[in-house]
Amino acid sequence: MATMADLDELALSLPKVVKEVSEDGRPSYLVHGKMFCFHRSRRPDAIDPKTGERMADVLMFRVDGADAKELVLADPRGIFFTTPHFNGYPAVLIRIPDLKQLDRGELRDLVVDAWLTRVQKRVAKAWLAENE
């Protein structure tokens, strides 16, 4: 069962990753100044279907293109989603409470895949040679 603490640990274990925290405590993970995962603020495009309120618990993960996005969105658990704001953008969303439906290995894969979309190729190549 994955948690926000796992996300923090996994993201920060990758080379060149920096964590920034907004004034209201939402983390963003960047590599070379480029965001690959972040906790979104309340947005009008992400509404809780049960309450009608803007969701405050949404994480965004970059993916490697449209095919990868469709593959993640096809997860049978239905925990990943997108919104019109992300149409044509290589990213998927997941609510923080739904992290518990992922095991740590699945979260690691999601974080690494997001990181690989932003990290310099030479850094990625070296890391992959040591870790995959």
- Message: Could you work out how much longer the chain between ASP67 and MET35 gets when fully extended? Use 0.36 nm per residue separation minus the Cα distance between them, nm to one decimal.
- Response: 9.5 nm
- In terms of Cα to Cα distance under 18 Å, which lysines are near enough to LYS121, apart from those fewer than 8 places away along the same chain? LYS16, LYS34
- Item | Among VAL119, VAL58, ALA5 - extreme Cα towards positive end, dipole of the chain, charges at beta-carbon | VAL119
- Cβ-derived FRET efficiency at R0 22 Å, VAL21 paired with ALA126, nearest 0.05: 0.20
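About the Cα centre of the chain, what is the dipole size in debye to 20, counting +1 per Lys and Arg Cβ and -1 per Asp and Glu Cβ, all else neutral?
It works out to roughly 380 debye.
Given a 1.4 Å probe, how much area per residue of region 80-132 is accessible, in Å²?
Details: 2960 Å² over 53 residues.
Using a 1.4 Å probe on heavy atoms only, each residue of region 80-132 averages 56 Å².
The values are calculated or read from the model by the stated rules, or taken from the named source; none is laboratory data. No experiment lies behind these values; they were computed from the predicted model shown. Backbone-built Cβ (ideal geometry, glycine too); neighbour counts: all protein chains shown. SASA here: full protein model, heavy atoms, side chains in, ligands and nucleic acids out. Shrake-Rupley method; radii C 1.70, N 1.55, O 1.52, S 1.80 Å.
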